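Since the structure comes first, as structure tokens, the remarks are kept for the end.
The values are calculated or read from the model by the stated rules, or taken from the named source; none is laboratory data. Only a predicted model underlies this, so the values are computations on that prediction, with no experimental measurement involved. Cβ sites come from the backbone with ideal geometry, for glycine too, and all protein chains shown count toward neighbours.
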Amino acid sequence: MSSISQVTIDALGLVFSGDPAVWEIIGISFKTTAIALLIAIVPALAIAFALAHLNFPGRRLLVAIFNALLSVPAVVVGLTFYLLLSRQGPFGDLHLLFSQPAMVIGQIALCFPILVAMQHSAFQAVELRAWETARTLGLGRFASFGLIMREAKFGLWGALLAAYGRIIAEVGASMMLGGNILHHTRNIPTAIALETRKGDFAQGIALGFVLLAMAFTLNALLHFFQGKGQQA
């Protein structure tokens, strides 16, 4: 048996045997990314809807800014918040650097432009007349907003999946803001980078399998619900 095959078997063993070290890292990744998305999703939805269906000064400039922020590298985001949260920075007294809250802050900064830009596109695909019709029929603002969200639901889910994939797999910001501390801030991508440098390929491959499995599962669910929606 080749060394690659043996390492792959060892990696699968780490995942399916419930290895505590591997699953602790997985838990930290899922925890921080879930918190970041939960914090970002509501304001991102509100901003995306406002940019799509409301007219106000500076709207086009804001759209351009959010689209430009999509291309900002994760390491630049990490460096920016590192400087802000370091002892010499304006928020150094909060002592957040090298902690899970710092990682969450960086992940919010990374996923927020994706959520706004993609949800803005999803809302734009829904005709403005749908909002106007709902309001004319006497629906309140929140009920009308819920109607628009149902019409744009597949685009909104796509934005959520894209944002989740962006933050759960990034290394730069997590490494700089979390410090890759064992049992505290070591998540899947930083652990893969560390274990690969150490030559421990089994754990790195095991964590890579988890990322791939999650990506395939989320995309399969999205396609399934899209198919159900088209058949309805």
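The residues listed here are Ala64, Ala50, Ala40, Ala36; of these, the one that is of a type in the set (A, V, I, L, M, F, W, C) and closer than 20 Å to His184 by Cβ is Ala36.
When the stretch 16-50 is limited to residues that are part of a helix (DSSP H, G or I) and over 23 Å from the mean Cα position of the chain (by Cα), the one that is nearest to Arg166 (Cα to Cα) turns out to be Ala21. Listed by position, the helices (runs of 4 or more DSSP H) inside the stretch 147-221 whose residues that are touching a Gly at 6+ places or on another chain (Cβ under 6 Å) and among the acidic types (Asp, Glu) number at least 1 are 188-198. Could you tell me whether any residue of the stretch 12-31 is closer than 24 Å to Phe145 by Cβ and crowded, with 16+ Cβ neighbours inside 10 Å? So far as the stretch 12-31 goes, no, none of its residues is closer than 24 Å to Phe145 by Cβ and crowded, with 16+ Cβ neighbours inside 10 Å. With respect to Ala74, is the statement that it is of a type in the set (Gly, Ala, Ser) and out of contact with any Leu (no Cβ under 9 Å at 6 or more places or on another chain) true? The answer is no for Ala74.
Restricting Asn187, Asn180 to residues that are in contact with a Ser or Thr (Cβ under 6 Å, 6 or more places away or on another chain) and surrounded by fewer than 21 Cβ atoms within 10 Å (Cβ to Cβ) narrows the list to Asn180. For the stretch 90-132, the candidate set comprises residues that are part of a helix (DSSP H, G or I) and of a type in the set (Gly, Ala, Ser); within that set, the residue that is farthest from Val63 (Cα to Cα) is Gly92. Ala213 - would you say it is buried (at least 22 other Cβ atoms within 10 Å of the Cβ) and modelled with pLDDT of 85 or more? Judged against the criteria, Ala213 is not a match.
Results for (1) out of contact with any His (no Cβ under 9 Å at 6 or more places or on another chain); (2) without any contact (Cβ under 8 Å) to a residue 60 or more places away in the chain; (3) β-branched (Val, Ile, Thr); (4) farther than 13 Å from Ala173 by Cβ, shown as yes or no for each residue.
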position: Ala64; (1), (2), (3), (4): yes, yes, no, yes
position: Val72; (1), (2), (3), (4): yes, yes, yes, no
position: Val77; (1), (2), (3), (4): yes, no, yes, no
position: Ser86; (1), (2), (3), (4): yes, yes, no, yes
position: Gly89; (1), (2), (3), (4): yes, yes, no, yes
position: Asp93; (1), (2), (3), (4): yes, yes, no, yes
position: Leu96; (1), (2), (3), (4): yes, yes, no, yes
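Where residues in the stretch 166-204 are within 19 Å of Val7 (Cβ to Cβ) and of a type in the set (D, E, K, R), which of them is nearest to the chain's Cα centre (by Cα)? The residue in question is Glu195.
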